[in-house]
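For reference, the structure discussed in these notes is given below.
The values are calculated or read from the model by the stated rules, or taken from the named source; none is laboratory data. Keep in mind that this is a model prediction, so the values were computed, not measured. Here the Cβ positions follow ideal geometry from the backbone for every residue, glycine too, while neighbour counts run over all protein chains shown. Ligands, DNA and RNA are stripped out before the accessible areas are found, and what is left, the full protein with its side chains, is counted by its heavy atoms. Shrake-Rupley method; radii C 1.70, N 1.55, O 1.52, S 1.80 Å.
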Amino acid sequence: NFSYDGDLVTDISKFYFDQKNYSKAAEYGRRALSLAPYVANYWENLGVELKQQNADKEAIEAYRKAIYYDPNKYRAREQLRELEKKNSLLKAFPETDVYELIKHTEKNIVDHDYAYLLDEKFAVIYPEGASEEYYTMVVSIVNQKGIDAWKETSISYNSNSSYLVIEKAETVKKNGVKTPAEQNDNQLVFTGLEAGDALVLKYKIQNYAQGRLAKEYWNKFIFNAFVPEKISRFCLLAANNIKVSYKALNTSLDPKISQYDDFTLYTWQKDSSDAFKRESYMP
C-alpha cells in the first residue's frame, strides 16, 4: 500500500538483515535508495548489508555516499577506514598509560586539594567539515576538599548539537583497585572516594552541527588551572584540505607538526604547569 515510502521499505530491509538474509536486505536497501537517493541513512544501511556479504568494494562506495550526503556519519567513517585497511585516526595521537602515570606520580602535592596528572584534548576535523573531540583527565585527590570537588561532577556538552560517549569513568584506589563511577547521562558520581585516590575520565563528543557553520570549527585550550597540572596537551588532527589558523596567548608555546595519512597533526604540550594564583577582581 505504501511502496513509495522509503522508511517502510527500510523496515523490510532490516527484517531480512535480522534474519541474516543479507542479499535480500541489500535488495530492499537499494529499493529504498531508488525512492530517495540522497538519504545518508539509506546509503549507510546498504554499506552494512554489503559488508556482511564481503562485497567490500561496493560497501566502500556506499559508505562514501553516506558521508557525502551527511558528513556527521561517524560510524560510517569508522567502517570506511576499516574496509580501506587504514588505521584508526586515534592512532595518530600520543598515547599515555594513565595507570603508569598514577603509579609514578609524586605524593608531595601541598597547598592544593587536587591536581591534574593529565589534562588532554584531541580534536579531529574531517575533510567535509565534521568534527569530534576526545578528552582524557587524570586527577589526583589530595584531601577532603578535593573529594568534595570531584565526588559529583558533570560533563559539559550541548545535547542539541552533539553526542556524548563516556568510555571510562573510574576511581583508582591507592592499592590499584578500580571502581567504576555511577553514571546518568553526563552526570557522574565517584562513590567511596578517599584522599590519595585518583580519577580517570575518558570521553568523546561527536558534533552534529548543520548548515553553513557546520563546515567551520573553533576551539580553545587552557594549559593552566588553579591547581598544578603535570601534563597539559592539546592535539588537533585536521584534514589537509582544511586551512588551520591558531594563536597562543600569554605563552610562546608552538605546536609540533606532523603528517598522518591525509591529515596534519598539530600537538601543543606543556609539562609541570604552575597553578594560577587567584587575584581580586581577576577576569
Among (1) loosely packed, with under 15 Cβ neighbours inside 10 Å; (2) of a type outside the set (A, V, I, L, M); (3) part of a helix (DSSP H, G or I), Q79 falls short only on (1)
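Restricting to segment 146-158, name every residue that is closer than 30 Å to N207 by Cβ, touching a residue at least 24 places away in the same chain (Cβ under 8 Å) and not aromatic (F, W, Y).
Taking segment 146-158 as the starting set, the residues that turn out to be closer than 30 Å to N207 by Cβ are 149-158.
From what's left, touching a residue at least 24 places away in the same chain (Cβ under 8 Å): 149-157.
Selection gives A149, K151, E152, T153, S154, I155, S156.
Of the residues that make up segment 177-192, is at least one within 30 Å of I67 (Cα to Cα) and among the aromatic types (F, W, Y)?
Of all residues in segment 177-192, those within 30 Å of I67 (Cα to Cα) come to 185-186.
When the remaining residues are screened for being among the aromatic types (F, W, Y), the result is none.
No, segment 177-192 contains no residue that is within 30 Å of I67 (Cα to Cα) and among the aromatic types (F, W, Y).
Could you tell me which residue of segment 91-105 is nearest to E167 (Cα to Cα), considering only residues that are out of contact with any Leu (no Cβ under 9 Å at 6 or more places or on another chain) and surrounded by 12 or more Cβ atoms within 10 Å (Cβ to Cβ)? I'd like the intermediate steps shown before the answer.
As a first pass, look at segment 91-105 and keep what is out of contact with any Leu (no Cβ under 9 Å at 6 or more places or on another chain): 91, 94-95, 97, 99-100, 103-104.
Filter once more, so that each one left must be surrounded by 12 or more Cβ atoms within 10 Å (Cβ to Cβ): 94, 99.
Numbers: P94: 18, Y99: 16 Å.
Selected residue: Y99.
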Look through segment 208-224, keep the residues that are among the charged types (D, E, K, R) and in contact (Cβ under 8 Å) with a residue 40 or more places away in the chain, and return whichever of them is surrounded by the fewest Cβ atoms within 10 Å (Cβ to Cβ).
-> E216
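In this structure, is L46 surrounded by fewer than 19 Cβ atoms within 10 Å (Cβ to Cβ) and among the hydrophobic types (A, V, I, L, M, F, W, C)? Give the steps one after another, and end with the answer.
On the way: surrounded by fewer than 19 Cβ atoms within 10 Å (Cβ to Cβ): no; among the hydrophobic types (A, V, I, L, M, F, W, C): yes.
Here the answer is no, as L46 does not meet what is asked.
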Complete set of residues in segment 179-207 that are of a type in the set (D, E, K, R) and touching a residue at least 12 places away in the same chain (Cβ under 8 Å) = D185, E194, D197, K202, K204
Residues of segment 9-41 being of a type outside the set (A, V, I, L, M, F, W, C) and open to solvent by less than 20 Å² (accessible area, probe 1.4 Å), which ones?
-> T10, S13, G29
Collect the residues in segment 49-76 that are touching a Phe, Trp or Tyr at 6+ places or on another chain (Cβ under 7 Å) and surrounded by fewer than 19 Cβ atoms within 10 Å (Cβ to Cβ), keeping them in residue-number order.
-> Q52, Q53, Y69
Enumerate the pairs (first residue in segment 261-279 and modelled with pLDDT under 90 and loosely packed, with under 15 Cβ neighbours inside 10 Å; second residue anywhere and part of a strand (DSSP E or B) and among the acidic types (D, E)) with beta-carbon separation below 9 Å, excluding pairs fewer than 6 apart on the same chain, so at least 6 apart or on different chains.
-> D274/E229
The strands (runs of 3 or more DSSP E) lying entirely within segment 134-195 that contain at least 2 residues which are open to solvent by less than 80 Å² (accessible area, probe 1.4 Å) are 152-154, 162-172, 187-189
The one condition in (1) closer than 30 Å to T153 by Cα; (2) more than 21 Å from the chain's Cα centre (by Cα) that F93 fails to fulfil | (2)
Among (1) touching a residue at least 40 places away in the same chain (Cβ under 8 Å); (2) closer than 25 Å to G211 by Cα; (3) open to solvent by 50 Å² or more (accessible area, probe 1.4 Å); (4) in a loop (DSSP other than H, G, I, E, B), where does K86 come up short?
-> (2)
